[in-house]
Amino acid sequence: MTETAKPGLFRSALNSLIEARARQANYYVNGALLMLDDETLAKNGYSRDALRKNARAPYMF
């Protein structure tokens, strides 16, 4: 029998914590990337507008 069990309370809490920390890290990195000049951003495949949009995304922590 192969049954997928619903994740328990602790697993759900851990997954939520991991997701929140990943969003926080993304927010921080986008802010740091915005300090670079436009030429460097373009060379590495980033758009200042996209970074600004993501840097303003709210997070819980």
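Read-outs: derived from the displayed coordinates by stated rules, not from any lab. Just so it is clear, the model here is predicted, and its values are computed rather than measured. Cβ: placed from backbone, ideal geometry, glycine included. Neighbour counts: every protein chain shown.
For the chain, find the longest principal axis of its Cα atoms and tell me its angle to the long axis of helix 9-33, 0 to 90°, nearest 10. Rounded to the nearest ten degrees, it is 0.
About the centre of its Cα atoms, the chain shows a dipole size close to 220 debye [charges on the beta carbon of Lys, Arg (+1) and Asp, Glu (-1) only; nearest 20 debye].
Taking 0.36 nm per residue of separation and subtracting the current Cα-Cα distance, fully stretching the chain between Ala55 and Arg11 would add 13.0 nm. Between the listed residues Met35, Ala25, Ser12, the Cα displaced farthest toward the positive end of the dipole of the chain, a dipole computed from Cβ unit charges relative to the Cα centre, is found at Ser12. Over the chain, dividing the summed -39,500 (n - 2.57) contributions of all DSSP H runs of at least 4 residues by the number of residues returns a 222 nm mean residue ellipticity of -20500 deg cm²/dmol.
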